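The values are calculated or read from the model by the stated rules, or taken from the named source; none is laboratory data. Everything numeric in this text was worked out from a predicted model, so none of it was measured. We place every Cβ from the backbone using ideal geometry, glycine too, and count neighbours over all the protein chains shown.
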Amino acid sequence: MKQAAEGTEQDTSKPVASIGRRWGMVVDLDRCTGCQACVVACHAENNIALNLEDVVLQQRAINWIRIERYWEGEYPNVKARFLPMFCQHCNNAPCEPVCPVYATYHNQEGLNVQVYNRCIGTRYCANNCPYHARFFNFWERDLDDTHREYLNPEVTVRTKGIMEKCTFCVQRIRRSEWERRQADEELQEGDVQPACVQACPTDTLVFGNLEDENSRVAQLAENKRHYRVMENLGTDTNVIYLKKVDPHASETAPAHAGTAADSGGNSA
Amino acid sequence: MHERPRLTPIQINRDLLRSVLETPLVFYVLLLLLMGLVGLGVIAATLMVSYGLGVTGLNHPVFWGFFIINFVFWVGISHAGTMISAILRLSAAEWRRPVVRAAEVMTVFSLLTAALFVVLHTGRPWRTLYWAFPYDFVRGIWPDVRSPLVWDPSAIFTYLTGSILFVYAALIPDLALARDQTTGWRRAVYGVLCLGWRGNARQWKLLNATGLLLSALILPVFVSVHSIVSWDFGMSLVPGWHVHIFAPYFVVGAVLSGVAAVIALMAVMRSLFRLHDYIRPEHFDMIGRLLIVVALAWAYFYFIDVIFALLSNEEAEYQVMKLRLSPPYLYLFLLMITCNVFLPVPIWMFRKFRRNIGIMVWTAIVVNIGMWLERFLIIIPTLQRRHPDAFAWGDYSASLVEITLVIFSFANVALLLLLFSKIFPVIPIWEEKEGHIWKREFRIGKLRLPAIVRE
C-alpha cells in the first residue's frame, strides 16, 4: 500500500497494472516436515472433491497443494526432502494466453484467477502449466446431504468439465477486504491468511503482499536462500522457495528443474 | 490419360449419373452398417456428455487424448481435397479430372468431423459455442485472440467455407444435367440447386474463372490450416511440442495421409459404382508418384524432429524423446515409420505396383495407420513426460468410449460420402467431357500418339 503511487506507473513488463498489491507466498523448505496439514486444510477450505481410492487410481486426484517428496543422498545417509507445490501465480503465466475464453487471467493483485463460469474445458492451460498445478473435474461431484453440511459456503462447488487450481484462498482476501472496508480502513499486513498458511505448524508458509517492502513475505523473499521453481522458463512466479544448499547432497539425487541460477539454488 | 477409352457423351452421362439414379442393394447394406456405427458413436457421446469426461481414459498429466489425435488426423485428411484439385487444377494436370470432386467432398466431410471432435473434447459441447461463435456481443466478452484455440476455429471455418464453395461451384453444371435427366420432385430440387444453369458461353466462362480463382485463393488457406493446427502444439510450453518445424512438418504429414486416403476412396468408388472406364490405373500411377515425394519429405521432417530433441541438450526434450523411442512406444514408432516410409515408398517406386489397384489401396490404408500413430506419438508420450520430474509422470490408456468415437469418426465420414454419392454425381461429368473434347490422337508412321490439345 505504501507503494501505491509507484504502482500506478505502468510497468510494461507485467501483464496488468498493479494496484500496489501483489499477493505472494514464501515457502521455507528448510522448515517443512511434510506433515500435509496444508493439504488437509486446503481440501476443507476450498470444497475440493474427496480423492477416493478409485479417483487416485485413475490418476485424477485433485490436490490444489501437494507435498512432493524427494530423496536426497545415498543409503544409509538418505534424507527426505519435501516441497509443497501449488499454483505459482506466475506474473507471466503460461496458462493464461492459451485459454480461448479468458477463463484464466491475471488480476491486478497479481493473482492468477480461474473463472469457473467461463471455463469450457479445453484443458490447454493444464497442458501448458509446467508446475502441474491445474486440475480438471472429470466427474460430477456426488454430494449427499451430510456432505453438503460441511461445504464452505464462500467457495463455489465446481461442476464436471471445469479446471480448478489454487486461488490463494481469494474468498478470504475478499472477506478481509470487506471487513476492513466496513471500518473504512485499508487492508493490513497479516489480515489475510490462506488455509494452508493458517494450518502450517512449522511456519513454513508465509503469505502477504510482495509489493509492500515492510511485509514479512517481501523481506523473506529477499533472503539469500531464495529461488523459484523452474525459473529458467521465465514464468516470474509469485511463490518463492527458500532452501539452504547442502554441500553434502548427493550428485545423483534428482534435481528440481534447473533452478540453481540464483544465489540460493536448491540441492534437493 | 493416354489410354482413356473413347466414350460418347451420352454414355458418360449414363455411367456417371448411375449412382444417383439407381440404388443397388449394396447401398442399403452399407447405409445400414454405417448408420449402426454412427449410432454407436452417438450413444458413446451421449454417455460422455452425461457422465463427464471421466468415462474417457484422460487423466492428470495426459489431458489430451484420442479426441485431439483424431482431430489432427481428420484435419490432415481434409488436405487431400485442395491438394488434389486446387494444385492440380492450377497446374493443368489432366489426370485430376475424375478424382477432384471425391477429394473435395472428403475435405468437407473430414473437416466437419474434425470440428466435431474439438467440440466433443471439451466434454460439455454446448459451452464450446461461447468461443467458436462469439455471439454474445452485448456482454463484451470476446475470445482471447492470443490463444491458438481461437486461431483453430478461424482457420477451420475459413477452410470449410472455401471448400464448400469449391465443391458447389464445380457441381453446378452437373446439377443442371441431373435436373434434365430426372422428373418430379428431384427435378425441382436439382433445378433450385443448379441456380438456373443454362450452359451458355458466358456461364461457362464465369465457371472457369471461378474455378481458377477459388483454387488460387484456397491454396494459402490450405497451407495455413494445418500450420495453425500444429501451433496448438508448437505455441505451448510443453517440451516435445514446442518445436519450430511443426508447421511445415504437419502440412506435409497432412498431405501424405490425405492423398493416401484419396487412393482408398477412388478404389471404393471404382468398384462400388463400376467406374472402371473413368478411374483407371494410370490415375493411381500418378498419385503414387506424388506420394513418393510427400512421404520422403515427411520422413525428412520426422528425422529433424528426432535429431533436434536428442541433440538439443535439453533435458525435458530428451526425456520425451527417450520415452517415445523406448518400449512400448518404440514398437509403435517402428510400426509408424514402416507404415509411412519403409513399406510404401519402395512399393510406389515400381510402375507395376502403382498400377495395381489392390496394392495401392493397401499402401493407402497402411499410410493412414502410420499417420494416425504419428499423431498418437506426438501427443500421448509428450504429455506423459511433460514435467522433468518423475513426480508428475503418468500413463494413458484409451477407454471404450474413446475407441468407439474414433470408429464413429471413420463411419461418419464414410456415411456422409455415401449419402453425397446418392444425391450428387461423384465424378465431375462436365470436366470428364471437357477432357474428352481436348483429347486428340496423332499418327506418326505406325505409331499412334495420344495427346491433349488445349485451345
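Sub-7 Å Cβ pairs linking a first residue in region B:44-55 that is within 13 Å of residue B:399 (Cα to Cα) and within 13 Å of chain A (Cβ to nearest Cβ) to a second residue that is buried (at least 16 other Cβ atoms within 10 Å of the Cβ) and among the polar types (S, T, N, Q), at least 6 apart or interchain, are B:48/B:56; B:55/B:399, ordered by first then second residue.
To keep it simple, each residue is scored yes or no on (1) outside any loop (DSSP other than H, G, I, E, B); (2) under 26 Å from residue A:159 (Cα atoms); (3) free of Cβ contacts under 8 Å to residues at least 40 places away in the same chain.
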| position | (1), (2), (3) |
| --- | --- |
| B:81 | yes, no, no |
| B:89 | yes, no, no |
| B:92 | no, no, no |
| B:103 | yes, no, no |
| B:127 | yes, yes, yes |
| B:158 | yes, no, no |
| B:161 | yes, no, yes |
| B:164 | yes, no, no |
| B:170 | yes, no, no |
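Residue B:352 meets each of the listed conditions (1) of a type in the set (D, E, K, R); (2) farther than 17 Å from residue B:64 by Cα; (3) within 14 Å of chain A (Cβ to nearest Cβ) apart from (3).
Give me the residue from region B:302-358 that is hydroxyl-bearing (Ser, Thr, Tyr) and part of a helix (DSSP H, G or I) and, out of that set, farthest from residue B:276 (Cα to Cα). That would be B:318.
Among the numbered conditions (1) at pLDDT 85 or above; (2) within 18 Å of the chain's Cα centre (by Cα); (3) not basic (Lys, Arg), the only one that residue B:269 does not meet is (1). Among the residues making up region A:48-103, those that are more than 12 Å from chain B (Cβ to nearest Cβ), in a loop (DSSP other than H, G, I, E, B) and closer than 23 Å to residue A:167 by Cβ are A:48, A:50, A:64, A:65, A:86, A:87, A:88, A:89, A:91.
Taken as a whole, region B:386-405 holds at least one residue that is over 30 Å from residue A:229 (Cα atoms), away from every other protein chain (no Cβ under 14 Å) and in contact with a Leu (Cβ under 9 Å, 6 or more places away or on another chain).
Scanning for something in a helix (DSSP H, G or I) and either within 14 Å of another protein chain (Cβ to nearest Cβ) or not β-branched (Val, Ile, Thr) (or both), does region A:149-162 turn up at least one residue? Scanning region A:149-162, I find at least one residue that is in a helix (DSSP H, G or I) and either within 14 Å of another protein chain (Cβ to nearest Cβ) or not β-branched (Val, Ile, Thr) (or both), so the answer is yes.
Considering only region B:284-305, I want to know if a residue exists there that is of a type in the set (Phe, Trp, Tyr), buried (at least 24 other Cβ atoms within 10 Å of the Cβ), away from chain A (no Cβ under 14 Å) and under 30 Å from residue A:230 (Cβ atoms). Scanning region B:284-305 turns up no residue that is of a type in the set (Phe, Trp, Tyr), buried (at least 24 other Cβ atoms within 10 Å of the Cβ), away from chain A (no Cβ under 14 Å) and under 30 Å from residue A:230 (Cβ atoms). Determine, yes or no, whether residue A:168 is part of a loop (DSSP other than H, G, I, E, B), surrounded by 17 or more Cβ atoms within 10 Å (Cβ to Cβ) and touching a Pro at 6+ places or on another chain (Cβ under 9 Å). Yes; evaluated as a whole, the condition is true for this residue. Of all residues in region A:196-205, exactly one satisfies the criterion of being touching a Lys or Arg at 6+ places or on another chain (Cβ under 8 Å) and buried (at least 22 other Cβ atoms within 10 Å of the Cβ), namely A:204.
For every residue, the table says whether it meets (1) among the aliphatic types (A, V, I, L, M); (2) at pLDDT 85 or above.
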position: B:181; (1), (2): no, no
position: B:186; (1), (2): no, no
position: B:201; (1), (2): yes, yes
position: B:205; (1), (2): no, yes
position: B:210; (1), (2): no, yes
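Based on this model, can you work out whether residue B:41 counts as small (Gly, Ala, Ser), surrounded by fewer than 24 Cβ atoms within 10 Å (Cβ to Cβ) and more than 14 Å from every other protein chain (Cβ to nearest Cβ)? Quick ask: steps written out before the conclusion?
Working: small (Gly, Ala, Ser): yes; surrounded by fewer than 24 Cβ atoms within 10 Å (Cβ to Cβ): yes; more than 14 Å from every other protein chain (Cβ to nearest Cβ): yes.
Answer is yes for this residue.
Residues being within 17 Å of the chain's Cα centre (by Cα) and aromatic (Phe, Trp, Tyr) are represented in region B:215-226 by at least one member.
When you scan region B:192-236, how many residues do you find that are of a type in the set (A, V, I, L, M) and surrounded by 20 or more Cβ atoms within 10 Å (Cβ to Cβ)? Looking only at that region, the number is 6. Would region A:42-53 turn up any residue that is touching a strand residue (DSSP E or B) at 6+ places or on another chain (Cβ under 7 Å) and at pLDDT 90 or above? Looking for residues that are touching a strand residue (DSSP E or B) at 6+ places or on another chain (Cβ under 7 Å) and at pLDDT 90 or above, one finds none in region A:42-53, hence no.
Restricting attention to region B:393-415, which residues are farther than 19 Å from residue B:120 by Cα and in a loop (DSSP other than H, G, I, E, B)?
Scanning region B:393-415 gives B:393, B:394, B:395.
Residue under question is residue B:365, and the condition is that it be in contact (Cβ under 8 Å) with a residue 60 or more places away in the chain and within 26 Å of residue B:190 (Cα to Cα); does it hold? Against the criterion (in contact (Cβ under 8 Å) with a residue 60 or more places away in the chain and within 26 Å of residue B:190 (Cα to Cα)), residue B:365 does not qualify.
Exactly one residue out of B:36, B:54 is surrounded by fewer than 19 Cβ atoms within 10 Å (Cβ to Cβ) and part of a helix (DSSP H, G or I): that is B:36. For region A:191-241, enumerate the residues that are farther than 21 Å from residue A:109 by Cβ, in a loop (DSSP other than H, G, I, E, B) and of a type in the set (A, V, I, L, M). Once the filter is applied, which keeps residues that are farther than 21 Å from residue A:109 by Cβ, in a loop (DSSP other than H, G, I, E, B) and of a type in the set (A, V, I, L, M), region A:191-241 yields A:229, A:230. The single condition among (1) surrounded by 17 or more Cβ atoms within 10 Å (Cβ to Cβ); (2) assigned to a helix (DSSP H, G or I) that residue B:271 does not satisfy is (1).
Kindly indicate the residue of region B:237-257 that is of a type outside the set (A, V, I, L, M, F, W, C) and farther than 21 Å from residue B:353 by Cβ and also surrounded by the fewest Cβ atoms within 10 Å (Cβ to Cβ) among those meeting that condition. So the residue we want is B:244.
Would you confirm, using the coordinates I've provided, whether residue B:417 is within 12 Å of chain A (Cβ to nearest Cβ) and in contact (Cβ under 8 Å) with a residue 40 or more places away in the chain? Answer is no for this residue. The condition of being modelled with pLDDT of 85 or more and within 14 Å of another protein chain (Cβ to nearest Cβ) holds for only one of B:326, B:257, B:236, that being B:236.
If you check A:142, A:184 for being part of a loop (DSSP other than H, G, I, E, B) and within 14 Å of chain B (Cβ to nearest Cβ), only one passes: A:142.
If you check residue B:418 against the conditions, is it part of a helix (DSSP H, G or I) and either on the phi < 0 side of the Ramachandran plot or among the polar types (S, T, N, Q) (or both)? Yes, satisfied.
For region A:104-124: of the residues being more than 9 Å from chain B (Cβ to nearest Cβ) and crowded, with 23+ Cβ neighbours inside 10 Å, which is farthest from residue A:173 (Cα to Cα)? Checked region A:104-124; the qualifying residue farthest from residue A:173 (Cα to Cα) is A:104. Do we find that residue B:25 is away from chain A (no Cβ under 14 Å) and free of Cβ contacts under 8 Å to residues at least 12 places away in the same chain in this structure? The answer is yes for residue B:25.
Does any residue of region B:214-230 turn out to be within 14 Å of chain A (Cβ to nearest Cβ) and either under 30 Å from residue B:149 (Cβ atoms) or among the aliphatic types (A, V, I, L, M) (or both)? Yes, some residue in region B:214-230 is within 14 Å of chain A (Cβ to nearest Cβ) and either under 30 Å from residue B:149 (Cβ atoms) or among the aliphatic types (A, V, I, L, M) (or both).
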